[in-house]
């Protein structure tokens, strides 16, 4: 089987990293040609043909303003007309996300022009649901683009069941459309054994950004309560968008502030994992959320307990509820404080082998094979 994959990024961004990990494995089991704007993978991808068609990069506010005026990505619209396919393909695979319509628009154009079956893999909800977004012009423009573009899609994939169900409601599906959940491929699906830190501090680590409906308010409030009982504790945030954490930290006394660190983005998080007593994950402060934290696959592959702050009916609640090494809490400071105390007391008594079943679902090889088999069945 030969497919042509279209993704704005490969490497470079969160969406591009998902695309990269999938393409590495997909290119091992079928012939893959690639249309891409930003190409900077760290892994080896065995594509047959690489078409680098650069999308003009402008300030995101100008980009959004143009989208709101015209209801589409003008740069992707211009690029799609430059593509002339000279090979026969069994499938077009578009990879995209909210704000990245390159794959969607080019894929829709090639599907219509060449009558090739078409799959879309969204690693994000398009548009972001109300709550994360407002029912404004941008939401309406994005909704209209999805309704118009996806009517003829043959295969739709999303990164979790909740997001897939949401996405399918955004447009009128044709009766023959297939759909599938493809969890975001993890960097590793083997549990890495890190020796416990030899220092005398208990450290709680959040690795990622805090934005939108995610808030550090509850974990910081919980940490203040913890500090009243155990003074040799630290709460560490590592990321590139942590201004809200700095603002939240300032609400507390100097002694608590001194124990809460904000550190810049780091490519290699393993030294931080090694020093951590537990890893912190924070989901949006909304019920029935459809987003799954992108950091969880990475967290799961290290022998550290995870404290997962999440709402009701979230993907995290469903996926990780049976894992004793993942302690799930509401957005509640008392639950979070008790979870931190539990990880301190239990320390090295966790059995991380329980994670292997769920880690297999994040395995890039398994995900690529699942997608390949579905495309093969529906050529």
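What is the Cα radius of gyration of segment 162-273 over 2.2 N^0.38 Å, N being its residue count?
Numbers: Rg = 19.5 Å, N = 112, 2.2 N^0.38 = 13.2 Å.
Scaled against compact globular proteins, the figure is 1.48.
Just to be sure I understand: if I project the alpha-carbon convex hull of segment 1-43 onto a plane and average over all orientations, what area do I get in nm²?
Values: hull surface 10.3 nm².
Answer in nm², one decimal: 2.6.
Which of 351, 283, 275 has the fewest other C-beta atoms within 10 Å, and how do the rest follow up to the most?
Numbers: 351 9, 283 22, 275 18.
Ranking 351, 283, 275 by Cβ neighbours within 10 Å, fewest first, gives 351, 275, 283.
Can you give me the three principal axis dimensions of segment 272-331 from its C-alpha atoms, in Å, biggest first?
Between the extreme Cα coordinates on each principal axis of segment 272-331 lie 33, 20, 18 Å.
When 249, 52 are ordered from fewest to most other Cβ atoms inside 10 Å of their Cβ, what list results? Walk me through the numbers before you get to the answer.
Numbers: 249 21, 52 11.
With the fewest neighbours first, 249, 52 line up as 52, 249.
Can you tell me, using C-alpha contacts under 8 Å and at least 6 residues apart, the relative contact order of segment 2-79 as a whole percent?
On the way: 118 pairs, mean separation 20.4, N = 78.
Relative contact order comes out at 26 percent.
Less than 20 Å from a label point 7 Å out along the Cα-to-Cβ axis of residue 231: which backbone N atoms in segment 331-364 qualify, by residue?
341, 344-345
Take every Cα pair under 8 Å in the chain that's 6+ residues apart, average their separations, divide by the length, and report that relative contact order as a whole percent.
Details: 719 pairs, mean separation 55.8, N = 379.
Once normalised by length, the contact order is 15 percent.
So if I average 1/r over every pair of distinct C-alpha atoms in segment 83-228 and take the inverse, what Kirkwood radius in Å does that give? Spell out each step's value before the answer.
Values: mean 1/r = 0.0540 Å⁻¹.
18.5 Å is the Kirkwood radius here.
Order the peptides 166-176, 115-125, 313-323 from the highest to the lowest mean number of other Cβ atoms within 10 Å of their residues. List each step's numbers first, then the result.
On the way: 166-176: 13.5, 115-125: 21.2, 313-323: 17.3.
Put in order of decreasing packing, that is 115-125, 313-323, 166-176.
Relative contact order (percent) for segment 247-369, with alpha-carbon contacts under 8 angstrom and 6 or more residues of separation?
Numbers: 132 pairs, mean separation 24.8, N = 123.
Value for segment 247-369: 20 percent.
Just the Cα atoms of segment 202-360, one point each, no solvent: what log10 I(q)/I(0) does Debye give at q = 0.09 Å⁻¹?
So the normalised log intensities work out to -0.25.
To make sure I understand, if each residue's beta carbon is the centre and we count other beta carbons within 10 Å, what order do 79, 106, 290 fall in, fewest to most?
Working: 79 22, 106 30, 290 25.
With the fewest neighbours first, 79, 106, 290 line up as 79, 290, 106.
Run lengths n ≥ 4 of DSSP H only: what is the helix-derived mean residue ellipticity at 222 nm for the chain, with -39500 (n - 2.57) per run over all residues, to the nearest 500?
Numbers: 15 runs with 143 residues, N = 379.
Helix-only estimate at 222 nm: -11000 deg cm²/dmol.
To the nearest whole percent, what portion of all C-alpha pairs in the chain is separated by more than 40 angstrom? Write out the running numbers ahead of the final one.
Numbers: 13170 of 71631 pairs.
Result for the distance tail: 18 percent.
Take the eigenvalues of the Cα gyration tensor for segment 55-159, scale each by 5, and report the square roots as semi-axes in whole Å, largest first. Write out the running numbers ahead of the final one.
On the way: eigenvalues 116, 55, 24 Å².
They are 24, 17, 11 Å, listed from largest to smallest.
State the Kirkwood hydrodynamic radius of segment 305-379 in Å, one decimal place, computed from all pairs of distinct Cα atoms.
Values: mean 1/r = 0.0688 Å⁻¹.
It works out to 14.5 Å.
Relative to the longest principal axis of the chain, what angle (0 to 90°, nearest 10) does the C-alpha long axis of helix 60-70 take?
In the chain, helix 60-70 runs at an angle near 40 degrees to the longest axis.
Name the most mobile residue of 308, 30, 365, meaning the one with the largest mean-square fluctuation, in a Gaussian network model of the chain with Cα contacts below 10 Å.
Maximum among the listed residues: 30.
Coordinate-derived values only; no laboratory data. Every value quoted in this text rests on a predicted model; they were computed, and no experiment measured them. Here Cβ is always computed from backbone atoms with ideal geometry, including for glycine, and neighbour counts include all displayed protein chains.
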